[in-house]
Amino acid sequence: MKIIVCVKQVPDTNEVRLDPKTGTLIREGVPSIINPDDLCGIEAALRLKDEYGCHVTAVSMGPPQTDVALREALAMGCDEAYLVSDRAFGGADTWATSSTLAGAIKKLGYDLIITGRQAIDGDTAQVGPQIAEHLGIPQVTYAQDIEKTEGNALIVQRQYEDRYQKIKIKCPALVTALSSLNKPRYMSVAGVVSAYDTKEVKTLTFEDLKEFVKEENIGLKGSPTKVKKSFPKQVKAQGVKHEVDEDDAVEIIVKKLKEHFVI
Amino acid sequence: MDFSLSKKHLLMQELFRRFAEKEVKPLAAEVDEKEIFPYGTVDLLGKYGMLGIPWSADNLSYTLCVEEMSKHCATTGVIVSAHTSLCAAPISDWGTAEQKGKYLSKLASGEWLGAFGLTEAGAGTDAAGQQTKAVLDGDNYILNGTKIFITNADAAHVYIIIAMTDKSQGTRGLSAFIVEKDMPGFSIGKKEDKMGIRGSLTCELIMENCIIPKGNLLGKEGEGFKVAMKTLDGGRIGIAAQALGIAQGAIDTTVAYVRERKQFGKRISQFQNTQFELADMQTKVDAARLLTYRAANLKDAGKKYTSEAAMAKLFASEVASDVTRRCLQLHGGYGYIREYPIERMMRDAKITELYEGTSEVQKMVIAAGMKVN
Amino acid sequence: MTENILVICEQRDGKFQKVSMELIGKARQLIEKKQGQKVVALLMGDKIAELAQDLVNHGADRVVYVDNPALKDFMTEPYTKAACAVLKSENPDMVLVGASSIGRDLAPRIAARLKTGLTADCTTLEIDDETGELLMTRPAFGGNVMATIICPDHRPQMATVRPGVMVALEPQTKTGEIVDFDVAFETSDSNVEILETVMIAKETKDITKANILVSGGRGIGNNFAPLKELADVLGGEVSASRASVDAGIAYKDMQVGQTGKTVRPDVYFAFGISGAVQHTAGMEEATLIFAINKDATAPIFDVADVGIVGDAHKIIPKLVNRIKKEKNL
């Protein structure tokens, strides 16, 4: 079974802060990480590999510095890694991103595609299902458990707000992973060594994918949505900040609760 | 000269950093307080290949590992260091193909943990005063004697034991042996109640007519002193890394503290004294780091590193003691309270000036390298 | 093409998800600028025809329903097929979908099939006075920036909106068009097989319904018990920031924020929550916000009505006792 895992490198949004004066994003010093849901996707693929000897390929679309995220995927145990990277892919929305990735995946060949449910920088949860649509294959999103079963099929536990379902899906298929799916393994020492010494991160440019994706479906041109403007989030009119001892703090809170008839 | 880590080493450091943050840090206070040997952590260290790093990667990576573990828990740092430098390394350096086949892969995978026994009650720095004897008896050696202050003692399965095979030869009459825990006549003695690194299970090793197969002689008869000295050269890089980690961990936790704590209406990070103290400390820690990485690099390059390892350990351990003491001072009274990790770090730091050769021994080694005398 | 706005309404087991009514409410508001145009509701399922009137009562001018056994349980392909068929026939200008775990599975698939844009988790929807385009504003970078997205050259303009963001209209008995739309399904459309459905017994109450929320974050450490005690004396619920959920201290369904739930309680306490916009995006609409944090520079103070620079661990027990006294408990 050939598994493709889609990986996105994202800024650790937990660490992102706004400049209190200008209200703009402070990007400096914010570490780049593998998107947490994607890490669970890698783990899910590697567990299938551990049990059934699947071949796992990590694929990421991004600028050249995404290399380190793919090295991390290799260091965790992925067999191969491809970086889909070209200026022509720049400015892509989820539609163009998914059609580009679908092109790369078609070129590489697959039985199963695993993506994270959503990325913490965009939070759209769209790229996974849209890859599946571009490839014309079934999907199960929000997977909290994945088991392989006979006949190249999977049994996936699909989470909803109020229930879960056990769904049988035949490969080729796409599954999106929730962070509750598993606890991702660490890289290993030998894995880090092989990620740099014996394995490589191969780059796929538009030239490499020409047969698999049309020029009008990539990059800014292939993106139906455009960003009209972006602006710092408006902060609410600031309230009062008290630097007082605990007893005074309690009195302030209680007074306010009484004003609002809460107590 | 290149003073920066390669991409590979940066990723390696990232691995150790995440592991230490998630697996080691949460246990550190309890490991210290209740003297718990972190068996679960050791299993994980083995699983991720962190108990045989010099062989799967290199000594610089191993150094990074001990440093990152020690930032949060010096006990975990020394467990890795004693196992790797003091047990697996001599088997790798001096062992026969058979010995390596039997022990090295199990040590590297963490299936077996290792320890090293040189020190005796009457023979610490003065290794020639060894009382433990080994006598050849047919196909076996019979060992008698007691080793003290042995890190990992009760948790280990494999021990490198230095014993006298020919008293008349002085240090040239010493030999090294690979002893397994379940060999007849071998037992673990009393456990020490220590000031710091309290989880490391430091005990006596007792050998009473302990029978070990002849094939477990490590190196040749009479090479024991050489084995021990070379082993300690490598071990010092590990201890330098441990000291470095303790010092950096102390600075990191102190920076977080001074940003939060307020006095006289200001965060104490705003006082110039705080800033100057921390700047001075970080400079020293960086200097210690360069010395330590240099020693590891020389070892990786197959070059002589005896003096450099001693310098790294001498300097890093003294920096660790100095920095942890000053960091505690920046905490004020809270630094003395167990709720904060800084007092543990100060207690942990002291050992790095003592074991695997005191600071004075390091100076002897460095002076000898300088041919002062 | 029409200038209509279509809302894809979600029902499970014959019951509507609240977000469907919220979106009809929003569509009603938007349509005021498009005179003579309609709010169309799309309803899909098995034996759901009788639910259509409820959508009219909530503000839909027209309800198109696809009633078919193939749509009994949600499955991506049959639902996508049905929705695309209706969208092609209805030709709306805009499509709104609730960002539930079903909407977020279905909407991207429809957008990809129709080759149109989709903007996820919008917090503001407006119509541009000049162009008549839908301005879809959503948070990005974990809520740190807002971006207004447009879809200029493709139709329909599609947006998903999370539950709790828009406000439903009070239902009134109304009349509207109700249309039965037939879709021919093939067996191959059901390309997955649902083996089992298990309803989850909720371990925690629904935080989106609580009037008072006592929330904890990284600064609280691993003991949420004091928060529970405070919530209990106030008759509220306990919620959490992502940091506490990621650390395994709080359940995912207690999470407030961009990747958790959007809440608008009367009173919100943020204890030891730094207030990354990731979090504040989900709670800043609360009427009265208390923030208690040791770090005077924590951004949570920017959204708080009352900020206390101090140690939550010390304040909570005293506050609990004080409120008990106040309530004679």
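The values are calculated or read from the model by the stated rules, or taken from the named source; none is laboratory data. Values in this document were obtained by computation on a predicted structure and should not be read as measured data. When we count neighbours, we look across all protein chains shown, and the Cβ atoms used for this are built from the backbone with ideal geometry, even at glycine.
Report yes if C:G117 is buried (at least 24 other Cβ atoms within 10 Å of the Cβ) and in contact with a Phe, Trp or Tyr (Cβ under 7 Å, 6 or more places away or on another chain), otherwise no.
Judged against the criteria, C:G117 is a match.
Taking C:L106 as the residue in question, decide whether it is closer than 20 Å to C:P163 by Cα, within 11 Å of chain A (Cβ to nearest Cβ) and in contact with a helix residue (DSSP H, G or I) (Cβ under 6 Å, 6 or more places away or on another chain).
Criteria met by C:L106.
Please pick out the residue among C:A140, C:A168 that is in contact with a Gly (Cβ under 7 Å, 6 or more places away or on another chain) and more than 16 Å from A:V227 (Cα to Cα).
Going through C:A140, C:A168 in turn, just one is in contact with a Gly (Cβ under 7 Å, 6 or more places away or on another chain) and more than 16 Å from A:V227 (Cα to Cα): C:A168.
Among the residues in segment A:209-216, are any within 14 Å of chain C (Cβ to nearest Cβ), in contact (Cβ under 8 Å) with a residue 60 or more places away in the chain, buried (at least 16 other Cβ atoms within 10 Å of the Cβ) and in a loop (DSSP other than H, G, I, E, B)?
Yes, segment A:209-216 contains at least one residue that is within 14 Å of chain C (Cβ to nearest Cβ), in contact (Cβ under 8 Å) with a residue 60 or more places away in the chain, buried (at least 16 other Cβ atoms within 10 Å of the Cβ) and in a loop (DSSP other than H, G, I, E, B).
What is the residue count in segment A:127-141 for residues that are in contact with a strand residue (DSSP E or B) (Cβ under 6 Å, 6 or more places away or on another chain) and without any contact (Cβ under 8 Å) to a residue 40 or more places away in the chain?
Residues in segment A:127-141 being in contact with a strand residue (DSSP E or B) (Cβ under 6 Å, 6 or more places away or on another chain) and without any contact (Cβ under 8 Å) to a residue 40 or more places away in the chain: 5 in total.
For residues that are of a type in the set (A, V, I, L, M) and not in a loop (DSSP other than H, G, I, E, B), scanning just segment C:161-178, find the one that is surrounded by the fewest Cβ atoms within 10 Å (Cβ to Cβ).
Here the residue is C:I178.
Show me the helices (runs of 4 or more DSSP H) entirely contained within segment B:33-117 in which 1 or more residues are basic (K, R), more than 15 Å from the chain's Cα centre (by Cα) and more than 23 Å from B:K299 (Cα to Cα).
It comes to B:39-47, B:105-109.
May I ask you to say which residue of A:V193, A:V254, A:V189 is out of contact with any strand residue (DSSP E or B) (no Cβ under 6 Å at 6 or more places or on another chain), surrounded by 14 or more Cβ atoms within 10 Å (Cβ to Cβ) and within 9 Å of chain C (Cβ to nearest Cβ)?
Within the list A:V193, A:V254, A:V189, the selection yields A:V254.
Look through segment C:136-160, keep the residues that are small (G, A, S) and more than 15 Å from C:L125 (Cα to Cα), and return whichever of them is surrounded by the fewest Cβ atoms within 10 Å (Cβ to Cβ).
C:A140
Return the only residue of A:I146, A:I113 being touching a residue at least 60 places away in the same chain (Cβ under 8 Å), in a strand (DSSP E or B), under 18 Å from the mean Cα position of the chain (by Cα) and more than 30 Å from A:V16 (Cβ to Cβ).
A:I146
Can you tell me which residue in segment C:144-160 is farthest from A:I120 (Cα to Cα), limited to those that are within 8 Å of chain A (Cβ to nearest Cβ) and not in a loop (DSSP other than H, G, I, E, B)?
Among those residues, the one meeting the criterion is C:I150.
Would you pick out the residues in segment A:149-179 that are touching a residue at least 60 places away in the same chain (Cβ under 8 Å), facing chain C (nearest Cβ under 10 Å) and not hydrophobic (A, V, I, L, M, F, W, C)?
A:T176, A:S179
Being assigned to a loop (DSSP other than H, G, I, E, B), modelled with pLDDT under 90 and hydrophobic (A, V, I, L, M, F, W, C) is the filter here; which residues of segment C:270-287 pass it?
Result: C:A276, C:A281, C:A286.
Being under 26 Å from B:S109 (Cβ atoms) and among the acidic types (D, E) narrows it down to one residue among B:E204, B:E180, B:E208; which is it?
B:E180
So that you can scan it fast, the table gives a plain yes or no per residue for (1) more than 23 Å from A:R185 (Cα to Cα); (2) within 11 Å of chain A (Cβ to nearest Cβ):
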{"residue": "B:D2", "(1), (2)": "yes, no"}
{"residue": "B:H9", "(1), (2)": "no, yes"}
{"residue": "B:E14", "(1), (2)": "no, yes"}
{"residue": "B:R17", "(1), (2)": "no, yes"}
{"residue": "B:K22", "(1), (2)": "no, yes"}
{"residue": "B:A29", "(1), (2)": "yes, no"}
{"residue": "B:D32", "(1), (2)": "yes, no"}
{"residue": "B:E35", "(1), (2)": "yes, no"}
{"residue": "B:D43", "(1), (2)": "no, no"}
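Condition check: among the charged types (D, E, K, R), farther than 29 Å from C:K209 by Cβ and either assigned to a loop (DSSP other than H, G, I, E, B) or out of contact with any strand residue (DSSP E or B) (no Cβ under 7 Å at 6 or more places or on another chain) (or both). Does C:E3 satisfy that?
yes
Any chance segment C:240-249 includes a residue that's buried (at least 20 other Cβ atoms within 10 Å of the Cβ), outside any strand (DSSP E or B) and touching a Leu at 6+ places or on another chain (Cβ under 7 Å)?
no
Could you check how many residues of segment B:194-228 are without any contact (Cβ under 8 Å) to a residue 60 or more places away in the chain and either among the aromatic types (F, W, Y) or more than 18 Å from B:Q99 (Cα to Cα) (or both)?
5
Taking only segment B:149-193 into account, find how many residues are of a type in the set (A, V, I, L, M) and surrounded by fewer than 21 Cβ atoms within 10 Å (Cβ to Cβ).
Residues in segment B:149-193 being of a type in the set (A, V, I, L, M) and surrounded by fewer than 21 Cβ atoms within 10 Å (Cβ to Cβ): 2 in total.
Report, by residue number, each residue of segment B:116-127 that is surrounded by 13 or more Cβ atoms within 10 Å (Cβ to Cβ) and either in contact with a helix residue (DSSP H, G or I) (Cβ under 8 Å, 6 or more places away or on another chain) or among the hydroxyl-bearing types (S, T, Y) (or both).
B:F116, B:L118, B:T119, B:E120, B:A123, B:A127
Of the conditions (1) more than 30 Å from A:I167 (Cα to Cα); (2) part of a strand (DSSP E or B), C:Q29 clears all except one; give me its number.
All conditions are met except number (2).
Would you list the helices (runs of 4 or more DSSP H) that sit entirely within segment B:254-352 and hold 3 or more residues that are more than 26 Å from the chain's Cα centre (by Cα)?
Of the helices (runs of 4 or more DSSP H) lying wholly inside segment B:254-352, those with at least 3 residues that are more than 26 Å from the chain's Cα centre (by Cα) span B:272-300, B:306-331.
Mind listing just one residue for me: the one in segment C:308-329 that is facing chain A (nearest Cβ under 7 Å) and over 15 Å from A:D245 (Cβ atoms) and, of those, surrounded by the most Cβ atoms within 10 Å (Cβ to Cβ)?
Across segment C:308-329, the extreme among qualifying residues is C:I323.
How many of the residues making up segment C:132-158 are without any contact (Cβ under 8 Å) to a residue 12 or more places away in the chain and of a type in the set (D, E, K, R)?
Within segment C:132-158, residues that are without any contact (Cβ under 8 Å) to a residue 12 or more places away in the chain and of a type in the set (D, E, K, R) number 1.
Determine, yes or no, whether C:T297 is within 7 Å of chain A (Cβ to nearest Cβ) and either part of a loop (DSSP other than H, G, I, E, B) or in contact with a Gly (Cβ under 6 Å, 6 or more places away or on another chain) (or both).
So C:T297 fails the test.
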